[in-house]
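Undergrad: Here's a structure for you.
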Amino acid sequence: MADMEIRKVQRSGGSSFIVSLPKKWVDATRIGKNDPVGLIIQPDGTLLITPNTTGVQLQKRKEFTVDMATDSTLLLRELIGAYIAGYTEIKVKSKARLPADLIEQVRHFTAMSIGQEVVEETEEEILVKDLLNPSEMPLDNTIRRMGVIVTKMTEDAVTSLRGKDTGLAHNVIDRDGDVDRLHWLIARQVNLIFSDVNLSRKMEIPVATASGYVQIAKVIERIADHATKIARNATYLADVPIDDEYLGDIERAGGDALAIFQSALAAFFSSDIERANDTIGQRTALERRCREISSRALSFDAASAIHLVYISDSLRRIGDYSTDICEHVINHIVGADDERKGAKR
């Protein structure tokens, strides 16, 4: 963290106050005499100064130099990292012809991410550009979409167990990628907000609030992972006879887990601290039901019992992660109240 510079405010004329700007910042931003700067008053009383007065999204380019020895899996991870970091242009270049496996990874990356397209391509380089306007993708809408996908994934995963439908189970597993894409988009947009206060203003999301969306998106992504685990374990039980009563208990546990999840999201979107607290209390009944399911799994053969216990554990974890959302809501609201009180003082 940079050291704070203390500067005295001086008075100029009858109603104006002046404070000098740090030379390092002026040099880094190439601010010159008579150049305009933007001043943005934050809710907590701080003042942000930005050289970007046009409101146009800042452009950032990242370049990766590759060759025949480059690990294609590492390149894919680096491309995803650059995307999440908020780079608007990503170039992959080579002194010789680009290896075919690296070209394939670049195309795989554009298919996995949202808004990324190949705009230029030669034998030696590929340029990927972000064609998405961040302000047109509200964070709330993305979180809601993630919630809808995860809810349906969980329902279908449990349904695939009763119906012994391995095709539906594999479809659930495939949908996990959709949740990952939206999670990356949230992380990217929050990083853009951190680096561009104008975008924060356009999207009407304070920088301090934006970080919370990354936490919520991560929790939902983990819930999607557990829906995927339920589906995967269901495929191993496709040939195992399971009585209706036991399946009913699993379905009720799934319903309880999703009820907690949906209530947690509702508390998040409405900033309802009482609902968040009440929702945390619902976890106890789910945990009790899941313990009973795991206990009864011991009546099956060892291999089947393991998969049933895994399903039970995933349903319990969905409830646990959902209450993490509630705890974030409570912490955020209490923290925001303290910030407002501090600003008033």
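Undergrad: Only one of Leu131, Leu139 is of a type in the set (A, V, I, L, M), within 19 Å of Ile193 (Cα to Cα), in contact with a strand residue (DSSP E or B) (Cβ under 9 Å, 6 or more places away or on another chain) and at pLDDT below 95. Can you tell me which? Show your work before the answer.
TA: Numbers: Leu139 fails: in contact with a strand residue (DSSP E or B) (Cβ under 9 Å, 6 or more places away or on another chain).
Within the list Leu131, Leu139, the selection yields Leu131.
The rows are residues; the columns are (1) surrounded by 16 or more Cβ atoms within 10 Å (Cβ to Cβ); (2) closer than 30 Å to Ala208 by Cα; (3) modelled with pLDDT of 95 or more.
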| residue | (1), (2), (3) |
| --- | --- |
| Met1 | no, yes, no |
| Lys24 | no, yes, no |
| Lys33 | no, no, no |
| Thr54 | no, yes, no |
| Lys93 | no, no, yes |
| Leu98 | yes, no, yes |
| Met112 | yes, yes, no |
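Undergrad: Return the residues of the range 231-271 that are outside any helix (DSSP H, G or I), touching a residue at least 24 places away in the same chain (Cβ under 8 Å) and surrounded by fewer than 18 Cβ atoms within 10 Å (Cβ to Cβ); say none if nothing qualifies.
TA: Selection gives Ala238, Asp239, Val240, Ile242, Ser271.
Undergrad: I'm trying to understand the selection: among the residues of the range 87-117, which are under 20 Å from Gly177 (Cα atoms) and among the small types (Gly, Ala, Ser)?
TA: If we filter the range 87-117 for residues that are under 20 Å from Gly177 (Cα atoms), which is where we start, we get 104-117.
Passing the criteria: Ala111, Ser113, Gly115.
Undergrad: Here is a check on your reading of the model: is Phe300 surrounded by fewer than 20 Cβ atoms within 10 Å (Cβ to Cβ) and out of contact with any Asp or Glu (no Cβ under 8 Å at 6 or more places or on another chain)? Talk me through it step by step, then tell me what you get.
TA: On the way: surrounded by fewer than 20 Cβ atoms within 10 Å (Cβ to Cβ): yes; out of contact with any Asp or Glu (no Cβ under 8 Å at 6 or more places or on another chain): yes.
When the stated conditions are applied, Phe300 passes them.
Undergrad: I want to confirm something. Restricting to the range 193-230 and keeping residues that are crowded, with 17+ Cβ neighbours inside 10 Å, aliphatic (A, V, I, L, M) and in contact with a Pro (Cβ under 9 Å, 6 or more places away or on another chain), which single residue is farthest from Asn133 (Cα to Cα)?
TA: Selected residue: Ile205.
Undergrad: Within the range 142-156, is even one residue more than 18 Å from the chain's Cα centre (by Cα), surrounded by 17 or more Cβ atoms within 10 Å (Cβ to Cβ) and either assigned to a loop (DSSP other than H, G, I, E, B) or in the same structural domain as Asp243 (by TED's automatic domain parsing) (or both)?
TA: At the first step, the residues of the range 142-156 found to be more than 18 Å from the chain's Cα centre (by Cα) are 152, 154-156.
Still in the running and surrounded by 17 or more Cβ atoms within 10 Å (Cβ to Cβ): 154, 156.
Applying the additional criterion that residues be either assigned to a loop (DSSP other than H, G, I, E, B) or in the same structural domain as Asp243 (by TED's automatic domain parsing) (or both) yields 154, 156.
Yes: one or more hits.
Undergrad: Go through the range 109-141 and count every residue that is part of a loop (DSSP other than H, G, I, E, B) and of a type in the set (Ser, Thr, Tyr).
TA: Quick first cut of the range 109-141, residues part of a loop (DSSP other than H, G, I, E, B) only: 113-115, 122-124, 131-133, 137-138.
Then keep just the ones that are of a type in the set (Ser, Thr, Tyr); that gives 113, 122.
Residues flagged as part of a loop (DSSP other than H, G, I, E, B) and of a type in the set (Ser, Thr, Tyr) within the range 109-141 amount to 2.
The values are calculated or read from the model by the stated rules, or taken from the named source; none is laboratory data. Computed from a predicted structure; not experimentally measured. So basically every Cβ, Gly included, is an ideal-geometry build from the backbone, and we count neighbours across all protein chains shown.
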